[in-house]
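Enquirer: What follows is a single structure, and I will ask about it in a moment.
What follows draws every value from the coordinates through simple rules; no lab data is involved. On a predicted model such as this, the values are computed, not experimentally measured, just so you know. Every residue, glycine among them, receives a Cβ derived from its backbone with ideal geometry; neighbour counts consider all protein chains shown.
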Amino acid sequence: MIETKVGGLDPLLKKFKAMEKRGKNLAPVLRVIDELLDRHVEKNFETQGAHGGRAWAALKRSTITARTRRWGYYRRRPRGASPSGPVLQWTQGLKQSWQKGKKHHIRILTRKSLRWGSAHPAAPFHQKGKGRRKRQMLRFANSFQRREITARPISMYLMGVPVGAIRTIMRARQG
């Protein structure tokens with residue numbers, strides 16, 4: 001008879017128990033993800049969508065004319081925008097709706113989940129487009145970028161990496 005004995009699993013079992021214990025309260029690492037999402041959206045507005053993988057369409061000539069002559073919606077006072085740009089930032093309302101503590105920002109953090117986004121009335125219109133397929137509300141350049149922001153911090157946390165170290169590492173990786 002040939003027999004194999006497998007042993008020495010106690011250290012591994014201890015690690016699993018520690019992971020289970022940390023998994024009961026994900027709030028510390030979800031706060032880091034919240035910060036990473038804030039930075040990601042800010043970079044998307046700074047780069048006019050290029051950071052998310054595809055630059056936003058340039059303003060149409062009719063929009064530039066309306067901005068210049070202050071017609072319709074553009075009667076509102078601009079905040080940091082000129083007639084030629086930047087896109088989606090005439091009043092800063094949509095941009096600010098993604099920022100923590102601002103009007104229309106959604107941030108609900110529990111021990112197990114993070115609900116994060118924008119409830120700005122114009123946000124859905126910018127995602128559906130005119131006659132086009134629906135776009136993602138929060139765009140990432142690729143699946144790697146999505147994992148870097150949303151999944152990697154959780155896996156590091158469950159492996160026992162301190163939250164401060166995760167924050168430092170992820171900020172450096174995000175650029």
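Enquirer: What residue among Val87, Leu36, Thr68 has its Cα farthest toward the positive end of the dipole of region 26-174, where the charges are +1 on Lys, Arg and -1 on Asp, Glu, each on the Cβ?
Expert: Of Val87, Leu36, Thr68, it is Thr68.
Enquirer: 5 Å is the cut-off here: which amide hydrogens, built 1.01 Å from N in the peptide plane, fall below it relative to Ser118, excluding neighbours closer than 5 in sequence?
Expert: Ile106
Enquirer: May I pose another question? Measuring from label point to label point, each 7 Å out along Cα→Cβ, what is the Ile108 to Ala172 span in nm?
Expert: For Ile108 paired with Ala172, the spin-label model returns 3.6 nm.
Enquirer: Using θ = phi - 60° and the Karplus curve 6.51 cos²θ - 1.76 cosθ + 1.60, what whole-Hz ³J(HN,Hα) does each residue of region 160-175 get, with Gly and Pro shown as x?
Expert: x, 6, x, 4, x, 5, 4, 4, 5, 4, 5, 5, 5, 5, 6, x
Enquirer: Can I ask one more? Under a point-charge model restricted to the Cβ atoms of Lys and Arg (+1) and Asp and Glu (-1), what is the dipole moment magnitude of region 26-174 relative to its Cα centre, in debye to the nearest 20?
Expert: Its charge dipole is roughly 740 debye.
Enquirer: Same structure again: List, in the order given, every pair from Lys21/Lys43; Lys43/Lys103; Lys24/Lys100; Lys14/Lys43; Lys15/Lys102 whose Cα-Cα distance in the structure shown is over 29 Å.
Expert: Lys21/Lys43; Lys14/Lys43; Lys15/Lys102
Enquirer: With θ set to phi - 60°, apply the Karplus curve 6.51 cos²θ - 1.76 cosθ + 1.60 along region 34-43 and write out the HN-Hα couplings as whole Hz, x wherever there is a Gly or Pro.
Expert: With coefficients 6.51, -1.76 and 1.60, one gets 4, 5, 5, 5, 4, 5, 4, 5, 4, 5 Hz.
Enquirer: Moving to a separate point now. With θ taken as phi - 60° and the coefficients 6.51, -1.76 and 1.60, list the Karplus ³J(HN,Hα) couplings across region 90-102 in order, rounded to whole Hz; mark glycine and proline as x.
Expert: So the J values, rounded to whole Hz, are 4, 9, 6, x, 5, 4, 5, 5, 8, 9, 3, x, 8.
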